[in-house]
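Below is one structure, written out as structure tokens, with a few remarks after it.
We did not get these values from a lab; they are worked out from the coordinates using the rules stated. Being a predicted model, the structure only gives us computed values, none of them experimental. Using ideal geometry, Cβ is built from the backbone for each residue, glycine included, and neighbour counts are taken over all protein chains shown.
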Amino acid sequence: MGKDAEKQAGDFDFPNLSSGYEVHYSFSPRGPSGVVKDTTLAELLQRYADILWEEGNHKYNVKAFIGELDEILLAARFSTFSQDMLDNLIGALRKRRNSNATINRKMAALSKLLRKAYKMGDIYSLPEFKRQKERAGRLRFLEPDEEEALFREIGNRSDLYLKLSIFLVDTGARLGETIALKWNDVHQGRVTFWVTKSGRSRTVPLTARAKQALNALVDRSPGPFASIDQQKYRAVWNDAKTAAGLGDEADIVPHVLRHTCASRLVRGGIDLRRVQMWLGHQTLEMTMRYAHLASHDLDMCVPVLERHIT
């Protein structure tokens, strides 16, 4: 799986499973004698994917995750997903040089699928999922000169994609949220995102250039960006990125515009709670990734230290 796919699976709230599960036994009516039949991860995914995940890039990534895990298990059939099976999966992913962040995303998808299967009586019990410790890592965002160069190249290729990029960086919205917008979601200089990863709507005010981008697209229906194909946009993005001299940076994918919006808010002195609301993060912990950018809060420390310099 490429970097773009992993980025799109980014901003993911891992379920709070640290307390584990008690092992409960339940019997399903699926078998003629009331005994649970053996199944595979692929079969469970086929049965519940449309129920658990909406169509879109995230669902595509989930299918890839579960498909990989099923392949590691050699399509093994089971009625109990044991702790040993889970531990072996994590070990195999580590051997494949998966980072802890990537393992967490794959385990989150597996956990959601297994919890549904357990609830529906397809398996007897659940293992205990524990979140892997993730390294902070470098958070990439665009500086103004990088944005100018990149957007210039995007505009040379597509005026519609330029307006989309402007809207993304000034709202901090995810690509899927933006494409799902309808015109009645835009009202009195504000936009409401209803189709969100968390399932919770949010409303943010629009900048002047975001308003201009929307005003230029009023003849498009049912929404300003509804006709955009994500893969075509990414192809143009990658071509423009190379032309702008940023081709060697794997982290510069469309999702970097969301990081750029957040970084500008924090560096501009906006408190993290408001940034959390703006981005639609479910927890403040997710927003804390940007806390190190609030260096202006430490400026008052310099005079105190300088007084002690002889």
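Some observations on this one:
- Cα centroid of segment 60-91 to Cα centroid of segment 143-219, whole Å: 38
- Size-normalised alpha-carbon gyration radius of segment 183-258, reference 2.2 N^0.38 Å: 1.30
- Of all lysines in the structure, the ones whose alpha carbon falls short of 17 Å from that of K211, not counting any fewer than 8 places away in one chain, are K163, K182.
- A Cα-only calculation for segment 144-296 places Rg and Dmax at 15.2, 44 Å.
- Taking other Cβ atoms within 10 Å as a rough exposure proxy, I228, I123, I51 sort from fewest to most as I51, I228, I123.
- Set K197/K232; K112/K241; K37/K119 screened for pairs whose C-alpha atoms are more than 26 Å apart: K112/K241
- Total charge dipole magnitude, segment 55-133, about the Cα centre, Cβ charges on Lys, Arg, Asp, Glu only, Debye to nearest 20: 360
- Anisotropy class of segment 100-159 from Cα gyration tensor, a/c 1.5 cut: oblate
- Placing unit charges on the Cβ atoms of the charged side chains and taking the dipole of the chain about its Cα centre, the candidate lying farthest along the positive direction among A291, M277, T207 is M277.
- Inverse mean reciprocal Cα-Cα distance (Kirkwood Rh) of the chain, Å: 21.9
- Computed magnitude of the charge dipole of the chain (debye, nearest 20; Cβ of K, R +1, Cβ of D, E -1): 500
- Take 106-112, 179-185, 195-201 and order them by the average number of nearby Cβ atoms within 10 Å per residue, most first; the result is 106-112, 179-185, 195-201.
- Listed peptides 159-166, 59-66 by packing density, highest first (mean Cβ within 10 Å): 159-166, 59-66
- For segment 76-202, the Cα-based Rg and Dmax, in that order, read 21.1, 57 Å.
- Helical runs assigned H by DSSP (4 residues or longer) give the chain a calculated mean residue ellipticity at 222 nm of -14500 deg cm²/dmol, each run adding -39500 (n - 2.57) before division by the residue total.
- Counting beta carbons within 10 Å around each of W194, W53 and listing the fewest first gives the order W194, W53.
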